[in-house]
Amino acid sequence: MSGVLVVVELAQGKPVAVSLELLGLARSVAAQAGGGVSALVFSGDPAIAAALIARGADKVYAVAEPAAADYNSDTWLAYAGRAVSATGASLVLAAHTTKGADLAPRLAFRLKSAAATGCVAITAEGGTLHFTRPCYGGNARETLSFKTL
């Protein structure tokens, strides 16, 4: 694996808790499978970049354009695609929020890859990533793996 990219969401000018949790997950997956952790954030605030590095990002790609601060699927998709190209990331993590649930499948389609939403765990075994998510109303869990990364 060549790395993990985390799409960071902000609320009131600060990273939301789930984005910070994703950085921790990314660090764990990168430690298991190899590669670095990058973060994509739609803010040019250096304090946010520093906070993301303190939480596990090796690099932060900051989009300082004010027009990109509010979610727009086309804008965020373009920047996320560029960030994947710049980082060489083979895994992109986005929160299971309205923004992330909209962005993830669009990005996967653009990259000719796959998306798994609502995952509660990711593990690396023998060079393969396994994604676990609840199913049947949370009464069971399913584990997925993809041929594309």
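The values are calculated or read from the model by the stated rules, or taken from the named source; none is laboratory data. Worth saying up front: this structure is predicted, and the values here are computed from it rather than measured. Please note: Cβ atoms are built from the backbone with ideal geometry, for glycine as well, and neighbour counts cover all protein chains shown. The protein model used for the area step is the full one, side chains on, heavy atoms only, and it has no ligands, DNA or RNA in it. Shrake-Rupley method; radii C 1.70, N 1.55, O 1.52, S 1.80 Å.
Count, please, the residues in region 51-71 that happen to be open to solvent by less than 30 Å² (accessible area, probe 1.4 Å) and assigned to a helix (DSSP H, G or I). Adding up the residues that qualify gives 2. Selection of region 72-89 for residues being in contact (Cβ under 8 Å) with a residue 24 or more places away in the chain, in contact with a helix residue (DSSP H, G or I) (Cβ under 6 Å, 6 or more places away or on another chain) and crowded, with 16+ Cβ neighbours inside 10 Å yields 76, 77, 80.
Residues in region 34-50 that are aliphatic (A, V, I, L, M), open to solvent by 20 Å² or more (accessible area, probe 1.4 Å) and in contact with a Ser or Thr (Cβ under 9 Å, 6 or more places away or on another chain): 1 in all. Please work out which residue is most open to solvent (accessible area, probe 1.4 Å), limiting yourself to region 90-134 and to residues that are out of contact with any helix residue (DSSP H, G or I) (no Cβ under 8 Å at 6 or more places or on another chain) and touching a residue at least 60 places away in the same chain (Cβ under 8 Å). The extreme case among them is 90. If you go through region 90-107 and pick out every residue that is part of a helix (DSSP H, G or I) and either closer than 17 Å to residue 24 by Cβ or not β-branched (Val, Ile, Thr) (or both), you end up with 9.
One residue is enough: does region 136-148 have a residue meeting the conditions at pLDDT below 95 and closer than 16 Å to residue 7 by Cβ? No; the residues of region 136-148 include none that is at pLDDT below 95 and closer than 16 Å to residue 7 by Cβ.
Among the residues of region 72-89, just one is of a type in the set (Val, Ile, Thr) and either outside any helix (DSSP H, G or I) or over 13 Å from the mean Cα position of the chain (by Cα) (or both), namely 75.
This table checks each residue for (1) closer than 26 Å to residue 73 by Cα; (2) not polar (S, T, N, Q).
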{"residue": "102", "(1), (2)": "yes, yes"}
{"residue": "109", "(1), (2)": "yes, yes"}
{"residue": "113", "(1), (2)": "yes, no"}
{"residue": "124", "(1), (2)": "no, yes"}
{"residue": "143", "(1), (2)": "no, no"}
{"residue": "146", "(1), (2)": "yes, yes"}
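Annotation: of all residues in region 1-33 being free of Cβ contacts under 8 Å to residues at least 60 places away in the same chain and outside any helix (DSSP H, G or I), the one that is surrounded by the most Cβ atoms within 10 Å (Cβ to Cβ) is 8.
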